[in-house]
Amino acid sequence: MYSAAHVADTLRHDAAHYGFTGGEGVAESFDWSKLKKSRDAYVRRLNDIYENGLNKAGVTVMRGEATFVDEHTVRYLGEGEEKCDGAHGTKVSAAKILIATGGRPHFPPGTGVEEYAISSDGFFELEELPKVAVVVGAGYIAVELAGVLRALGSEVHLVVRKGRALREFDPMISEGLDAEYVRSGVHVHRHTNGVAGIELDADGAGRRTKTVTLHNGDSIYGADVVLMAAGRVPNVEDLCAECEWTPNVETLHLESCGVKMTSRNYVVVDEYSNTSTANIYALGDVCGVVELTPMAIAAGRRLADRLFGGTHYEEVKVSYENVPTVVFSHPTIGTVGLTEPQAVAKYGEDNVRAYTSKFANLHYGIFDVEPDDKPKTHMKLVCAGVDERVVGIHVLGMGSDEMMQGFGVAVKMGATKADFDSTIAIHPTASEELVTMGVWGTSPQASGAKVSPLNGASQGEVDLKSKM
């Protein structure tokens with residue numbers, strides 16, 4: 001969906017500046033149903049690939065719900081079986097059990113919210129592009145889907161509880177994205193404290209539209225779709241001992257097996273993915289540590305190494321520090337490490353130095369518009385300590401999604417500002433800005449690298465397994 005939105009953006013806003021005519025008309029011809037059909041077919045192919053991989057690995061897949069009987073046993077309940085009555089299902093016992101049930105979209109309380117709103121799951125079931133869409137939330141999913149819908153042609157209202165979206169990101173990023181979304185025509189409703197209610201109505205054209213009332217008293221009229229992206233909750237309701245409770249998260253019985261949860265019903269784990277029960281492990285969104293798919297994959301690999309890789313791996317664990325991540329907003333965001341406020345809180349203001357840059361990407365260089373009207377790229381290096389170790393990188397702008405993977409490696413390895421400065425810029429690119437920030441030669445000449453790249457030092461030779 002992001003790629004389709006990117007194509008639409010290019011046709012509407014960029015093509016004419018490069019001498020192509022008719023881009024706006026082509027964008028208006030967008031066929032949602034065709035895209036949905038192709039996307040759904042691709043997802044099915046991916047599912048088949050994963051299932052074939054499991055089969056080849058000898059994994060038995062049991063589809064249904066599982067409930068804990070004791071710390072070594074779960075009851076598997078297939079389709080059509082009555083839930084948790086103690087008489088149905090198949091018991092499966094194991095020496096080790098992993099909880100990796102993930103999370104699901106959360107609907108906040110409010111009149112008509114569950115009846116008339118959809119979640120991010122429902123977005124992928126839409127049969128047509130909504131004329132008017134209300135997106136509620138301030139996180140990844142909210143800004144991503146708001147950006148997609150706006151680029152494809154919807155009138156979009158983004159509802160945030162406080163001042164802006166992505167408040168946990170570096171202020172440069174959240175403020176910059178807010179400005180770009182307003183510039184693109186997204187209506188941002190601020191300081192709303194969320195949605196109070198949704199009512200169904202009809203307009204003269206026969207569309208079944210909705211009126212959204214916010215807690216601050218404002219209303220949004222004529223919405224075809226109200227998409228709630230106000231957060232996710234862990235999937236743990238059904239992981240109980242005998243399910244003798246009402247269906248809500250406050251009455252979970254994982255504790256019957258000795259598995260502790262937080263006040264927000266995330267499974268409590270240590271740095272090795274151990275729960276409070278010796279043979280039960282948990283990872284991924286159900287733990288609420290770093291809720292990203294690649295993070296869960298990495299945690300799963302390290303846990304498998306530790307449990308089944310022999311003594312050589314018995315102390316391995318995944319690192320939750322300096323995790324690079326991307327938000328597929330419009331424009332994209334790439335970030336790794338600490339924000340500037342986080343670095344100041346951790347190291348003290350006197351020990352932190354931030355390098356920033358704001359510019360129009362070369363892609364927009366020939367655009368016949370005022371300089372202030374060109375989309376801007378924002379970059380920041382957050383450095384700490386006497387050696388100016390790079391503890392955070394934050395980028396908003398074209399290409400940030402691709403450039404962040406490589407720079408994430410540098411931060412993970414402890415690169416310093418001088419290490420960045422010693423790297424030859426690739427010109428003309430946006431990413432060269434990250435290795436040319438600040439006044440040349442003013443950074444401490446200290447390297448975080450195993451093989452220093454500073455001041456023309458030799459890169460040395462690699463250690464060979466055998467002689468040539």
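The values are calculated or read from the model by the stated rules, or taken from the named source; none is laboratory data. These figures come from a predicted structure and were not determined experimentally. All Cβ positions, glycine included, derive from the backbone under ideal geometry; neighbour counts span all protein chains shown. We work out accessible area using only protein heavy atoms, side chains counted, and drop any ligands, DNA or RNA first. Shrake-Rupley method; radii C 1.70, N 1.55, O 1.52, S 1.80 Å.
Across the range 171-220, what is the total count of residues that are charged (D, E, K, R) and in a strand (DSSP E or B)?
The first filter runs over the range 171-220 and keeps only residues charged (D, E, K, R), leaving 175, 178, 180, 183, 190, 199, 201, 203, 207-208, 210, 218.
Checking which are in a strand (DSSP E or B) leaves us with 199, 201, 208, 210.
The qualifying residues number 4.
Of the residues in the range 167-187, how many are of a type in the set (A, V, I, L, M) and open to solvent by 40 Å² or more (accessible area, probe 1.4 Å)? Before you say what the answer is, go through the steps one by one.
At the first step, the residues of the range 167-187 found to be of a type in the set (A, V, I, L, M) are 172-173, 177, 179, 182, 186.
After this cut, where a residue has to be open to solvent by 40 Å² or more (accessible area, probe 1.4 Å) as well, the list is 179, 182.
So the count comes out to 2.
Can you find even one residue in the range 140-159 that is closer than 13 Å to Leu227 by Cα, among the hydrophobic types (A, V, I, L, M, F, W, C) and assigned to a loop (DSSP other than H, G, I, E, B)?
No: the range 140-159 contains no residue that is closer than 13 Å to Leu227 by Cα, among the hydrophobic types (A, V, I, L, M, F, W, C) and assigned to a loop (DSSP other than H, G, I, E, B).
Can you pull out every residue in the range 118-132 that is open to solvent by 80 Å² or more (accessible area, probe 1.4 Å) and outside any loop (DSSP other than H, G, I, E, B)?
Asp121
Which condition from (1) open to solvent by 40 Å² or more (accessible area, probe 1.4 Å); (2) assigned to a loop (DSSP other than H, G, I, E, B); (3) in contact (Cβ under 8 Å) with a residue 12 or more places away in the chain is the one that Lys358 breaks?
(2)
From the residues in the range 188-203 that are under 26 Å from the mean Cα position of the chain (by Cα) and closer than 16 Å to Gly112 by Cα, which one is surrounded by the most Cβ atoms within 10 Å (Cβ to Cβ)?
Going residue by residue through the range 188-203, those that are under 26 Å from the mean Cα position of the chain (by Cα) are 188-195.
In the following step, the residues that additionally are closer than 16 Å to Gly112 by Cα were identified as 194-195.
Numbers: Gly194: 18, Val195: 27.
Among residues in the range 188-203 that are under 26 Å from the mean Cα position of the chain (by Cα) and closer than 16 Å to Gly112 by Cα, the one surrounded by the most Cβ atoms within 10 Å (Cβ to Cβ) is Val195.
Given the conditions (1) open to solvent by 10 Å² or more (accessible area, probe 1.4 Å); (2) not in a helix (DSSP H, G or I), which single one is not true for Glu115?
Condition not satisfied by Glu115: (2).
Which of the residues belonging to the range 289-320 are farther than 14 Å from Asp270 by Cα, more than 22 Å from the chain's Cα centre (by Cα) and outside any helix (DSSP H, G or I)?
Residues satisfying the conditions are Gly309, Gly310, Glu314.
Answer yes or no: is there a residue in the range 365-381 that is buried (at least 21 other Cβ atoms within 10 Å of the Cβ), in a helix (DSSP H, G or I) and touching a residue at least 40 places away in the same chain (Cβ under 8 Å).
Looking through the range 365-381, none of the residues is buried (at least 21 other Cβ atoms within 10 Å of the Cβ), in a helix (DSSP H, G or I) and touching a residue at least 40 places away in the same chain (Cβ under 8 Å).
Being within 30 Å of Gly397 (Cα to Cα), open to solvent by 50 Å² or more (accessible area, probe 1.4 Å) and assigned to a loop (DSSP other than H, G, I, E, B): is that true of Val439 here?
Numbers: within 30 Å of Gly397 (Cα to Cα): yes; open to solvent by 50 Å² or more (accessible area, probe 1.4 Å): yes; assigned to a loop (DSSP other than H, G, I, E, B): yes.
Taking the combined requirement at face value, the residue satisfies it.
From the list Val148, Val135, Val74, which one is buried (at least 21 other Cβ atoms within 10 Å of the Cβ) and modelled with pLDDT under 90? Show your work before the answer.
Values: Val148 fails: modelled with pLDDT under 90; Val135 fails: modelled with pLDDT under 90.
Among Val148, Val135, Val74, only Val74 is buried (at least 21 other Cβ atoms within 10 Å of the Cβ) and modelled with pLDDT under 90.
Name the single residue that is farthest from Tyr320 (Cα to Cα) among those in the range 382-394 being touching a Gly at 6+ places or on another chain (Cβ under 8 Å) and open to solvent by 10 Å² or more (accessible area, probe 1.4 Å).
The extreme case among them is Asp387.
If we keep just the residues of the range 389-415 that are part of a helix (DSSP H, G or I) and under 16 Å from Ala425 (Cβ atoms), which is farthest from the chain's Cα centre (by Cα)? Don't jump to the end; show me each part of the working.
Narrowing the range 389-415 to residues part of a helix (DSSP H, G or I): 400-412.
Checking the rest, the ones that are also under 16 Å from Ala425 (Cβ atoms) come to 403, 406-407, 410.
Working: Met403: 16, Gly406: 18, Phe407: 18, Ala410: 21 Å.
Out of the qualifying residues, it is Ala410.
Just name the residue that is farthest from the chain's Cα centre (by Cα) out of those in the range 442-462 that are aliphatic (A, V, I, L, M) and part of a loop (DSSP other than H, G, I, E, B). First the steps, then the outcome.
Within the range 442-462, the first condition is being aliphatic (A, V, I, L, M), and the residues that meet it are 446, 449, 451, 454, 457, 462.
If we keep only those that are part of a loop (DSSP other than H, G, I, E, B) as well, we get 446, 449, 451, 457, 462.
Working: Ala446: 34, Ala449: 29, Val451: 33, Ala457: 39, Val462: 37 Å.
Among residues in the range 442-462 that are aliphatic (A, V, I, L, M) and part of a loop (DSSP other than H, G, I, E, B), the one farthest from the chain's Cα centre (by Cα) is Ala457.
Would it be correct to say that Arg164 is in contact with a helix residue (DSSP H, G or I) (Cβ under 7 Å, 6 or more places away or on another chain), more than 27 Å from Thr67 (Cα to Cα), buried (at least 17 other Cβ atoms within 10 Å of the Cβ) and in contact (Cβ under 8 Å) with a residue 40 or more places away in the chain? Reasoning before the result, please.
Values: in contact with a helix residue (DSSP H, G or I) (Cβ under 7 Å, 6 or more places away or on another chain): yes; more than 27 Å from Thr67 (Cα to Cα): yes; buried (at least 17 other Cβ atoms within 10 Å of the Cβ): yes; in contact (Cβ under 8 Å) with a residue 40 or more places away in the chain: no.
For Arg164, the condition - in contact with a helix residue (DSSP H, G or I) (Cβ under 7 Å, 6 or more places away or on another chain), more than 27 Å from Thr67 (Cα to Cα), buried (at least 17 other Cβ atoms within 10 Å of the Cβ) and in contact (Cβ under 8 Å) with a residue 40 or more places away in the chain - is not met.
Specify the residue that is surrounded by the fewest Cβ atoms within 10 Å (Cβ to Cβ); the eligible residues are those in the range 279-288 that are out of contact with any Pro (no Cβ under 7 Å at 6 or more places or on another chain) and outside any helix (DSSP H, G or I). Outline the logic, then answer.
At the first step, the residues of the range 279-288 found to be out of contact with any Pro (no Cβ under 7 Å at 6 or more places or on another chain) are 279-284, 287.
Applying the additional criterion that residues be outside any helix (DSSP H, G or I) yields 279-283, 287.
Values: Asn279: 13, Ile280: 22, Tyr281: 22, Ala282: 27, Leu283: 22, Cys287: 24.
It comes out as Asn279.
Residue by residue, here is whether (1) small (Gly, Ala, Ser); (2) closer than 29 Å to Ile141 by Cβ; (3) modelled with pLDDT under 95 holds:
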{"site": "Ser3", "(1), (2), (3)": "yes, yes, no"}
{"site": "Gly25", "(1), (2), (3)": "yes, no, yes"}
{"site": "Glu28", "(1), (2), (3)": "no, yes, yes"}
{"site": "Asp31", "(1), (2), (3)": "no, yes, no"}
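For Tyr50, only one of the following conditions fails: (1) of a type in the set (Phe, Trp, Tyr); (2) within 29 Å of Gly194 (Cβ to Cβ); (3) at pLDDT 95 or above. What is its number?
(2)
Can you go through Ala278, Ala229 and tell me which one is under 15 Å from the mean Cα position of the chain (by Cα), at pLDDT 85 or above and over 30 Å from Val409 (Cβ atoms)?
On the way: Ala278 fails: under 15 Å from the mean Cα position of the chain (by Cα).
Selected residue: Ala229, the only one of Ala278, Ala229 that is under 15 Å from the mean Cα position of the chain (by Cα), at pLDDT 85 or above and over 30 Å from Val409 (Cβ atoms).
Mind listing whichever residues of the range 17-42 are outside any helix (DSSP H, G or I), of a type outside the set (S, T, N, Q), open to solvent by 60 Å² or more (accessible area, probe 1.4 Å) and free of Cβ contacts under 8 Å to residues at least 24 places away in the same chain? Walk me through it before giving the result.
Pass one, the range 17-42, residues outside any helix (DSSP H, G or I): 19-22, 29-31.
Remaining after also requiring of a type outside the set (S, T, N, Q): 19-20, 22, 30-31.
In the following step, the residues that additionally are open to solvent by 60 Å² or more (accessible area, probe 1.4 Å) were identified as 19-20, 30-31.
Matches in the range 17-42: Gly19, Phe20, Asp31.
Return the residues of the range 416-436 that are open to solvent by less than 30 Å² (accessible area, probe 1.4 Å) and either β-branched (Val, Ile, Thr) or more than 35 Å from the chain's Cα centre (by Cα) (or both); say none if nothing qualifies.
Selection gives Thr416, Val435.
In the range 91-105, how many residues are open to solvent by 70 Å² or more (accessible area, probe 1.4 Å) and either modelled with pLDDT under 85 or at positive phi (or both)?
1
Is one or more of the residues making up the range 4-16 assigned to a helix (DSSP H, G or I) and surrounded by fewer than 12 Cβ atoms within 10 Å (Cβ to Cβ)? Walk me through it before giving the result.
Narrowing the range 4-16 to residues assigned to a helix (DSSP H, G or I): 4-16.
Still in the running and surrounded by fewer than 12 Cβ atoms within 10 Å (Cβ to Cβ): none.
No, the range 4-16 contains no residue that is assigned to a helix (DSSP H, G or I) and surrounded by fewer than 12 Cβ atoms within 10 Å (Cβ to Cβ).
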